[in-house]
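Notes follow the structure.
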């Protein structure tokens, strides 16, 4: 009886020890699997010492090298330089894929090595789910990063040029890639080309002049109805137009592109005579050398705004949609954009930017609205939001945007972009009828205004600023104040 009693008293002890062992092994599984999730191969060291140590060592070396690269160039510059280099992206993509697979191997091997042999039921399911979740934490970001890198490499190849335009300001191979270059001037063209239109008439023409040292930028808007367009002395069109493109309201700036295309024979081997003549005319109008060009068509603008999630605008005046003038009468109106602060989708944003049939000041009112639109888009660019929407944005860029900046120069442009973001301001000066006489423009006066905008004359220290120069002079939320046509910060023009 004593032996039976002892057996009965000892029997419960065995399951208790087994539970402790299971609990210890379960904790070991979770801890080591988590360790391999945080640091590849760390949880493998107890079961596969050499493999785990090699994986951890490679990870540490890669981490140290990456941190050193970021510290040497700065985080923003480093990310931009990699993001705009097709070569760097070509290396990054397989590195991401191989690195993720090796990391995944570490997680799976750790989980397999440390899964208790006799665990079953819900505890086993929980362990498998934990290991799967750990693997997903590594694979999902790596797959997304590789996808974005592939998209970005494709965008660079399709949007940007492989050849630098002749005579364009070029970066140098130095610590400061813009050493020796004071300014870079970029022509921005909103093209109205489409299946229902003949030829190209720039719907919006602006020039961004960038100070390469400070990043300060001035945006000049050129009206479509500008007359007496000057041409450079060496233009092939000078024989036909010795006094410039000047024949009253039949020779407006908006027809300059078509003028080049109609005289393509004077530009042998030129793939876009219209663009060439437009660049030449813009250079003469502003007194600036045009280095590079960016072209976006109207459909592309609509899709771009939609891809960004719309744009918030403080509409100052009622704007008609679908409208045009025929025989002096506004026809075709399908709706209106009413005054007030509102978010516009791509379609309404396009009509806000280009409608002129029912405006008080026609083209000039439209130029003011275009400046407001540019300012609003710049203000509302959110890196997190743009990253989330990047695949859609990239598709729009590839279909509708062309930039003749060479792909090999993009790392230098990344430096310039950082300067614009860090310390530069973006101001704009639209050449409306309140600034110049568009029917009989004095280009000497225009050149002076341009020079003063990019290099403001020093003012007396005792001169007090007027109330109109104060950003706070206009009440916020106002929908009746007309935007100024003078030089102003583009993010505060509306």
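The values are calculated or read from the model by the stated rules, or taken from the named source; none is laboratory data. In this text the structure is predicted, and so the values were computed from the model without any measurement. Cβ atoms come from the backbone with ideal geometry, glycine included; neighbour counts cover every protein chain shown.
Worth a mention:
- Residues that are farther than 13 Å from residue 316 by Cα and at pLDDT 90 or above, drawn from the range 334-388: 334, 335, 343, 344, 345, 346, 347, 348, 349, 350, 351
- Test result for residue 298, crowded, with 16+ Cβ neighbours inside 10 Å, under 26 Å from residue 485 (Cβ atoms), touching a residue at least 40 places away in the same chain (Cβ under 8 Å) and in contact with a strand residue (DSSP E or B) (Cβ under 7 Å, 6 or more places away or on another chain): yes
- Test: residue in the range 355-367 that is on the phi < 0 side of the Ramachandran plot, assigned by TED's automatic domain parsing to the domain that holds residue 315, over 14 Å from the mean Cα position of the chain (by Cα) and without any contact (Cβ under 8 Å) to a residue 12 or more places away in the chain: yes
- If you go through the range 386-410 and pick out every residue that is part of a helix (DSSP H, G or I) and either under 13 Å from the mean Cα position of the chain (by Cα) or under 23 Å from residue 88 (Cα atoms) (or both), you end up with 16.
- Residue within the range 114-137 that is within 22 Å of residue 419 (Cβ to Cβ) and either in contact (Cβ under 8 Å) with a residue 24 or more places away in the chain or touching a strand residue (DSSP E or B) at 6+ places or on another chain (Cβ under 9 Å) (or both) present: no
- Boolean, residue 189 is surrounded by 19 or more Cβ atoms within 10 Å (Cβ to Cβ), within 30 Å of residue 302 (Cβ to Cβ), in the same structural domain as residue 24 (by TED's automatic domain parsing) and within 26 Å of the chain's Cα centre (by Cα): no
- Only listed residue being buried (at least 18 other Cβ atoms within 10 Å of the Cβ) and assigned to a helix (DSSP H, G or I), chosen from 446, 436: 446
- Test set (1) buried (at least 18 other Cβ atoms within 10 Å of the Cβ); (2) at pLDDT below 85 - residue 428 fails condition number: (2)
- Exclusive hit being in the same structural domain as residue 37 (by TED's automatic domain parsing) and under 24 Å from residue 392 (Cα atoms), set 140, 117: 140
- Test: residue 304 is part of a loop (DSSP other than H, G, I, E, B), on the phi < 0 side of the Ramachandran plot and in the same structural domain as residue 445 (by TED's automatic domain parsing): no
- Residue match in the range 249-268 (condition: in contact with a strand residue (DSSP E or B) (Cβ under 8 Å, 6 or more places away or on another chain), in a strand (DSSP E or B) and either modelled with pLDDT of 95 or more or loosely packed, with under 14 Cβ neighbours inside 10 Å (or both)): no
- From the list 95, 56, 67, the lone residue that is within 21 Å of residue 134 (Cα to Cα), surrounded by fewer than 18 Cβ atoms within 10 Å (Cβ to Cβ) and either in contact with a helix residue (DSSP H, G or I) (Cβ under 8 Å, 6 or more places away or on another chain) or not assigned by TED's automatic domain parsing to the domain that holds residue 411 (or both) is 95.
- Number of positions in the range 70-84 that are without any contact (Cβ under 8 Å) to a residue 60 or more places away in the chain, under 16 Å from residue 152 (Cα atoms) and in contact with a helix residue (DSSP H, G or I) (Cβ under 7 Å, 6 or more places away or on another chain): 2
- Subset of the range 269-286 that is within 28 Å of the chain's Cα centre (by Cα) and not in a helix (DSSP H, G or I) - its residue that is farthest from residue 244 (Cα to Cα): 271
- The listed residue being under 22 Å from residue 491 (Cα atoms) and touching a strand residue (DSSP E or B) at 6+ places or on another chain (Cβ under 8 Å), out of 313, 285: 313
- Scanning the range 155-175 for residues that are in contact with a helix residue (DSSP H, G or I) (Cβ under 9 Å, 6 or more places away or on another chain), touching a residue at least 40 places away in the same chain (Cβ under 8 Å) and part of a loop (DSSP other than H, G, I, E, B) gives 162, 164, 165, 170, 171.
- Those residues of the range 320-342 which are surrounded by 13 or more Cβ atoms within 10 Å (Cβ to Cβ) and within 28 Å of the chain's Cα centre (by Cα), in sequence order: 321, 337, 341, 342
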